[in-house]
């Protein structure tokens, strides 16, 4: 089974909107980590390998109501019968008299601590079936019965009787006009569902998408273990999530580039080196300063080029206006922490050799930036902003060798 992590699609639009509004560049890995930080921000994709020749095809069985996944249809049906009766029934509780009779012992489930009732009580077998199918169906019924003990204790017998003072009644939500919904017991309601309501609520497939919260609620030990191990790997380095984010961001017209051929960043503004031959003197001045001082913030550019100038003066306003235009047009990259750097120039598309063009297609939009010897610092700067929250979609290009090494 292959396990991969994807960002929630609805969250993606919100993140993209924030990136576009900020015009800053954010580290792809940090965005992926933010997705993993909250269960409601990601999905888990489960895929079974195709069967070898002569082998029977295996499938998952997924509940379409809550998206929980099972490896057997029997367990999936038991889940529907125990957890989704409320789709068709309104559930009411009424006060009743406790069971009468002579009871000198009571059975108890050692796994859950739930009292099952005396073996001579008429609802005893039904209670065992209900508890086994709803919580312990991943083991055989015979194995489960080995965890049932009989206890001779007056206090526990009275506790069990008290638990039956309330009776649960099920009434169909939809009944023919003019008719009243009859009260049913739990087993009757389950029989009604078995008579044709289960199939439309289940889906069998070799691949399924599981919401983050449901990915930690597998009844099956093998599924639980596989997803847990994949989660541990992903939290050390979000390899599959970062792969999924790349095409998603490109599809939504964002751009990816690398810092020092290592870390990938995403921005709404495509980095584009300034054409210095035609640039005005003030732009050349800004570019020269950033070439010599990569990683500074806007205020430091102002202080370096106009030392002592009043920030409200016209000369400061002119400088900051040109700097802002450079950021807006991609001539200067502003990172999430408010630091600045220049894109590194390269050959124009028409000048590239065929093999270079092919490589660019694989990693479209990933260009180098001239960030001197270091990536942007993690911001002690007062202007520094928090990285945005995250989101995703499927992807085809892989992280760099450097990023992949972290996964190892």
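None of the figures in this text is laboratory data; all of them are computed from the coordinates on show. Bear in mind that the values here come from a model prediction, so they are computed numbers and not experimental data. Cβ coordinates were reconstructed from backbone atoms using ideal geometry, including for glycine residues, and neighbour counts include every protein chain displayed.
Computed over the alpha carbons of segment 193-326, Rg followed by Dmax gives 26.2, 84 Å. For the peptides 310-316, 174-180, 71-77, the ranking by mean Cβ contacts within 10 Å, running from highest to lowest, is 71-77, 310-316, 174-180. Highest average first, the peptides 191-197, 63-69 ordered by how many other beta carbon atoms sit within 10 Å of their residues are 63-69, 191-197. Sorted largest first, the spans of the alpha carbon positions of segment 231-309 along the three principal axes are 53, 26, 20 Å.
Counted by neighbouring Cβ atoms within 10 Å, the residues 70, 5, 237, 88 run from fewest to most as 88, 237, 70, 5. Distance from the Cα centroid of segment 178-249 to that of segment 1-68 is 14 Å (rounded to whole angstrom). Between residue 142 and residue 165, the contour length at 0.36 nm per residue exceeds the alpha carbon distance by 5.3 nm. When 283, 148 are sorted by how many other C-beta atoms sit within 10 angstrom of their C-beta, beginning with the fewest, the order is 148, 283. Put simply, the Cα atoms of segment 75-199 extend 51, 35, 18 Å along their principal axes, the longest span coming first.
Of the residues 114, 19, 157, the one with the fewest other Cβ atoms within 10 Å heads the list, and the complete ranking is 114, 157, 19.
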